[in-house]
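A short worksheet on the structure shown next.
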Amino acid sequence: MCGIVGIVDAGGVSIQLYYALYALQHRGQESAGISTFDGTNLHKFKGNGLVADVFSPPVLTDLKGNAGIGHVRYPTTGANLPENIQPLNFQFQEHFISIAHNGNLVNTCELRAEYEEAGQMFTTTTDTEIIAKILIDAIGNSGSVEDAVSFCMHKLVGSYSVVILIDGAVYGFRDPLGIKPFCIGKTEHGYMLASESVAMDALNAKFLRDVKPGELVRIDAEGIKCMQIAVAGKRAHCIFEYIYFARADAIIDGVLVYDVRRQIGHKLFEEDPVKADSVCSVPDSGTAYAIGYAEGSKIPFVESLMKNRYMGRTFIMPTQKERERAVRIKLNPIPAHLKDKSVVLVDDSIVRGTTSKRIIEMMRDAGAREVHMRIGSPAIKAPCYLGVDMPTREELIASNKAEDEVRHSITATTLHHISLDALVEAIGFDRESLCTGCLTGCYPLPIEGEKAKTCQINFVDGTIQSKLGSFEA
Ligand code: AMP
């Protein structure tokens, strides 16, 4: 759960990187960073907090150059330490290297041990630094960034969409299963790469296409080139991007997220119809689903929970009473819309179950007679090892509870989760092209102690640099 962007544009990049990160803020609120290269020097700035808090106009003015990368962080691997804030920056021989990563490796420990034995030192606890060290080591051996990326991709197991700034060029590569989203756009005087198409929309750039799973893209002052480095027997796009994580207006791997959520709303009604006075969402994550449910059921959509949009980061309140008050500040029920009413309440997912329980209690306190909970994802049964911040099995409410037990514990009148078949149909890929690890406990990569359905990954033979081809949309 992070957002990345890389831009090369003859008109300068710092402001564009800033607005792209702003558009990707939902992918990580812990920290933000930008690195740029002006032809001679690397400029960098990063800090804890939201994009708008980290960067100021003077800081952006100092981030000079026509090539740069940026990152918003939501930690999955590595603690909340200042040295873990990305992009990570290195100087190697004559080169300035900056790197940012979205995803999570599952062979971090093995790789770190291997490189430590070979004499490498690590200054962060992130898997991103491992990617950087493998790359730098391989650039030293082969002299070519492209061949170093190929070598690196042979070694990494996990999910990764990566941007690297090396001198004046931005490189991007995506894991062979295409787990995390990554796409390419055309800016006014150059090209860009970003986690989601919404970053292109924010810059009025033209979305060109997704980075293909296993593909390497290079953008520099000359233009854009690309090459397929690895081809896997299948894809494994993260299903949770469609359910919750991506913005509803993003187009990921050719699919508009809003449409998926709206269609699921229709299917939620078809699978388990209920008579009610109104449909309401848990804003904002449940809204597209609720609109679909209202369309399908012909029950009016009535906003009955208002979200305070200025809440910022959720505080970690020390007592239960304070936590409950924080939920009330974030979401306020409208008694006039709820009194004596039977309401369908739609949200994207139940993880620990604490939010749903509190919201239902608030709605009942505001006078709701019945609360029929409808959820846009199947029950979340297993942890995510591939980049979504998901709790352990013990903390996941549905990992060892049947649907009716979950209903009872969140105090809903009725509860229905969308079926996996309906979710897959709404996304439009076949089931084998999606990572459903959190829903099924079966992962697309080998993970110690877990079930996996893996596939063959073939790499292009020989040197890569000379094979980089022209970009095809
Ligand atoms: P809970 O069941 O209390 O753990 O919270 C579920 C709510 O958190 C849902 O409304 C989701 O929109 C949201 N949510 C789902 N997955 C995540 C996640 N990985 N990190 C943060 N919030 C999430």
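If G254 satisfies every condition in (1) over 23 Å from K341 (Cα atoms); (2) at pLDDT 95 or above but one, which is the exception? Only one criterion in (1) over 23 Å from K341 (Cα atoms); (2) at pLDDT 95 or above is unmet by G254, namely (2). Of the residues V260, V274, V279, only one is assigned to a strand (DSSP E or B) and modelled with pLDDT of 95 or more; which? Just one listed residue meets the conditions, V279. For the range 415-426, state whether one or more residues are part of a loop (DSSP other than H, G, I, E, B), more than 25 Å from Q263 (Cα to Cα), at pLDDT 95 or above and more than 13 Å from the ligand (Cβ to nearest atom). No, that holds for no residue.
Return the pairs, sorted by first residue and then second, in which the second residue is aromatic (F, W, Y) and outside any strand (DSSP E or B), the first residue lies in the range 344-362 and is over 13 Å from A379 (Cα atoms), the beta carbons are less than 8 Å apart, and the residues are 6+ apart or on different chains. Filtered contacts from the range 344-362: V344/Y293; V346/Y289; V346/Y293.
The condition of being away from the ligand (no atom under 13 Å from the Cβ) and of a type in the set (D, E, K, R) holds for D404. For the range 439-456, the condition holds for no residue, the condition being that it is open to solvent by 50 Å² or more (accessible area, probe 1.4 Å), assigned to a loop (DSSP other than H, G, I, E, B) and within 16 Å of the ligand (Cβ to nearest atom). When the range 89-135 is filtered for residues that are polar (S, T, N, Q) and open to solvent by 40 Å² or more (accessible area, probe 1.4 Å), the ones remaining, listed by number, are N89, Q91, Q93, Q120, T123, T125. If the condition is being open to solvent by 10 Å² or more (accessible area, probe 1.4 Å) and part of a strand (DSSP E or B), then the range 149-168 contributes only I166. V388 meets each of the listed conditions (1) within 17 Å of C238 (Cβ to Cβ); (2) open to solvent by 30 Å² or more (accessible area, probe 1.4 Å) apart from (2).
When the criteria are applied in full, A113 meets the requirement of being farther than 26 Å from A236 by Cα and either not in a helix (DSSP H, G or I) or not polar (S, T, N, Q) (or both). Looking only at the range 324-376, residues that are of a type in the set (S, T, Y), modelled with pLDDT of 95 or more and either buried (at least 20 other Cβ atoms within 10 Å of the Cβ) or within 11 Å of the ligand (Cβ to nearest atom) (or both) come to 1 in all. Taking the range 427-438 as the range and being assigned to a loop (DSSP other than H, G, I, E, B) and under 20 Å from the mean Cα position of the chain (by Cα) as the test, the residues that pass are G428, F429, T436. In summary, no strands (runs of 3 or more DSSP E) completely within the range 1-88 bear 2 or more residues that are aliphatic (A, V, I, L, M) and open to solvent by 40 Å² or more (accessible area, probe 1.4 Å).
Let's see how each residue does on (1) open to solvent by 10 Å² or more (accessible area, probe 1.4 Å); (2) part of a loop (DSSP other than H, G, I, E, B); (3) over 13 Å from Q16 (Cβ atoms):
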position: L177; (1), (2), (3): no, yes, yes
position: G185; (1), (2), (3): no, no, no
position: E188; (1), (2), (3): yes, yes, no
position: Y191; (1), (2), (3): yes, no, no
position: L208; (1), (2), (3): yes, no, yes
position: I224; (1), (2), (3): yes, no, yes
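The values are calculated or read from the model by the stated rules, or taken from the named source; none is laboratory data. All values reported here derive from a predicted model rather than from experimental measurement. In this analysis, Cβ positions are derived from the backbone assuming ideal geometry, glycine residues included, and neighbour counts consider all displayed protein chains. For accessibility, only protein heavy atoms count, side chains too; no ligands or nucleic acids. Shrake-Rupley method; radii C 1.70, N 1.55, O 1.52, S 1.80 Å.
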